[in-house]
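J.: My questions will all concern the structure given below.
The values are calculated or read from the model by the stated rules, or taken from the named source; none is laboratory data. Bear in mind the structure is a predicted one, so any value in this text is a computation, not a measurement. Every residue, glycine among them, receives a Cβ derived from its backbone with ideal geometry; neighbour counts consider all protein chains shown.
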């Protein structure tokens with residue numbers, strides 16, 4: 001192809017139209033490329049600025065806002081000469097009109113070449129994303145409804161996307177060119193997209209949202225929720241497992257690379273070597289070890305405990321340890337054997353029955369969280385009645401999991417009513433009951449735990465309301481001692 005571009009004699013081998021184009025003056029060829037890009041007018045030049053609908057009524061419909069870009073890219077692929085001439089124009093115009101979409105899409109797919117080209121022609125490595133779409137059916141008059149899409153802007157950068165898809169080489173290049181491994185953004189990016197809200201995030205948010213019902217007016221509650229969702233760094237995205245996005249958002253992911261679960265430890269290591277914080281979500285004070293244990297990832301938990309300063313008893317904003325995350329999340333994940341992970345945590349100093357700030361043990365926390373209404377979460381039918389839940393609970397009981405004495409009848413009924421009245425269950429229940437009686441301090445009742453949990457949530461909400469660490473004003477000390485009922489009265 002280089003020979004064709006270098007010697008005019010070889011133009012005869014090309015298509016006559018291309019051969020004629022190559023022999024035109026350079027300035028005229030540039031004008032032709034510019035005309036191709038703008039042939040549909042400025043209003044349709046960028047598909048990331050306008051809503052677009054099709055004339056079809058099914059998901060096989062095609063959209064045409066990017067046709068001019070595709071045509072020019074195909075023209076550049078004709079020969080080396082056109083490629084060298086058109087490539088700078090494409091990347092420069094993409095940076096100007098498409099918000100550096102080439103950089104962001106290359107980061108998703110792991111195309112180091114595309115990343116380097118985009119950065120070479122002026123793209124900012126921290127450019128916020130606008131390459132995702134929300135699809136819906138729009139009313140088009142007498143023709144009824146047609147599939148439409150609208151662009152969605154977010155704070156996600158190329159490094160966040162590369163971390164989510166665990167594109168190792170892309171992550172290394174982006175960090176080398178100045179991407180911030182501690183850039184924190186909100187996970188509340190897409191209204192119907194649950195990709196970035198994994199199970200550990202959901203379980204904690206269920207607790208917070210349950211107690212935030214007492215906060216009025218509604219606008220204040222939504223503002224606080226927005227503050228809670230902020231603070232996710234690239235490591236948070238690298239530690240997300242699976243893709244729980246709903247079918248209604250399927251088309252938004254077309255063309256994206258498949259996530260590589262085999263490289264999650266390597267992806268985390270790249271970010272940590274670059275200085276990424278182990279606090280993966282600042283709004284919830286969630287650590288990397290919380291996420292790893294909440295997803296039942298033995299390999300990642302072992303890596304964090306043995307190669308980073310991860311503390312096995314580190315607590316989030318509600319006082320939940322990695323053992324709490326393991327107990328409240330893993331029973332909802334089918335096929336996860338908790339025993340190796342529990343042994344690993346205990347070997348590194350974790351305690352099976354350490355209580356959170358509300359006085360709740362890991363075994364009790366699982367039941368409490370799953371009694372709260374689901375917070376937009378795709379786990380319907382996966383609660384106490386799930387066989388994987390029963391197996392996980394028995395695994396916790398084998399390691400001397402403890403509950404408060406008044407909770408024992410409920411635990412016994414739950415296990416028996418779900419088809420587990422065998423010898424192993426009876427022995428495990430007897431062991432738990434014996435351990436619960438040996439508690440030196442009087443365990444809190446379920447009502448006391450609920451009140452203390454609510455009080456802790458309200459204290460944290462008040463900190464957010466007054467600016468937290470970003471403003472000098474903090475709540476008066478006497479408010480920290482308020483009861484849950486006093487907080488409810490104050491918020492209302």
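J.: If a residue has to be over 20 Å from the mean Cα position of the chain (by Cα) and either part of a loop (DSSP other than H, G, I, E, B) or touching a residue at least 60 places away in the same chain (Cβ under 8 Å) (or both) to count, how many in the range 321-332 make the cut?
T.: To start, the set of residues in the range 321-332 that are over 20 Å from the mean Cα position of the chain (by Cα) comprises 321, 323-324, 327, 331.
Filter once more, so that each one left must be either part of a loop (DSSP other than H, G, I, E, B) or touching a residue at least 60 places away in the same chain (Cβ under 8 Å) (or both): 321, 327, 331.
Qualifying residue count, the range 321-332: 3.
J.: Further, regarding this structure: With the condition being modelled with pLDDT of 80 or more, I'd like the helices (runs of 4 or more DSSP H) fully within the range 1-80 carrying at least 1 qualifying residues. Talk me through it step by step, then tell me what you get.
T.: Details: elements: 2-6, 16-22, 26-37, 67-76.
Counting at least 1 such residues, we get 67-76.
Rundown of residues vs (1) within 23 Å of residue 225 (Cα to Cα); (2) touching a helix residue (DSSP H, G or I) at 6+ places or on another chain (Cβ under 9 Å); (3) surrounded by fewer than 24 Cβ atoms within 10 Å (Cβ to Cβ), yes/no style:
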residue: 282; (1), (2), (3): yes, no, yes
residue: 291; (1), (2), (3): yes, yes, no
residue: 318; (1), (2), (3): yes, yes, yes
residue: 321; (1), (2), (3): yes, yes, no
residue: 346; (1), (2), (3): no, yes, yes
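J.: From the list 335, 383, pick out the single residue that is under 33 Å from the mean Cα position of the chain (by Cα) and modelled with pLDDT under 75. Before the answer, list the steps.
T.: Numbers: 335 fails: modelled with pLDDT under 75.
Step by step, each of 335, 383 is checked, and only 383 is under 33 Å from the mean Cα position of the chain (by Cα) and modelled with pLDDT under 75.
J.: Which one is nearest to residue 147 (Cα to Cα), of the residues in the range 59-79 that are surrounded by 15 or more Cβ atoms within 10 Å (Cβ to Cβ) and over 31 Å from the mean Cα position of the chain (by Cα)?
T.: Selected residue: 68.
J.: Then there is this: From (1) within 21 Å of the chain's Cα centre (by Cα); (2) buried (at least 21 other Cβ atoms within 10 Å of the Cβ), pick out the condition that doesn't hold for residue 109.
T.: Result: residue 109 fails condition (2) only.
J.: Cβ-Cβ under 6 Å, sequence separation 6+ or interchain: first residue in the range 217-228 and without any contact (Cβ under 8 Å) to a residue 24 or more places away in the chain, partner part of a helix (DSSP H, G or I). Which pairs?
T.: 221/212
J.: Which of the residues belonging to the range 344-361 are in contact (Cβ under 8 Å) with a residue 40 or more places away in the chain, more than 13 Å from residue 324 (Cβ to Cβ) and assigned to a helix (DSSP H, G or I)?
T.: 344, 346
J.: So if I check each of 119, 103, which one is modelled with pLDDT of 95 or more and closer than 29 Å to residue 53 by Cα?
T.: Details: 119 fails: closer than 29 Å to residue 53 by Cα.
From the options 119, 103, the qualifying one is 103.
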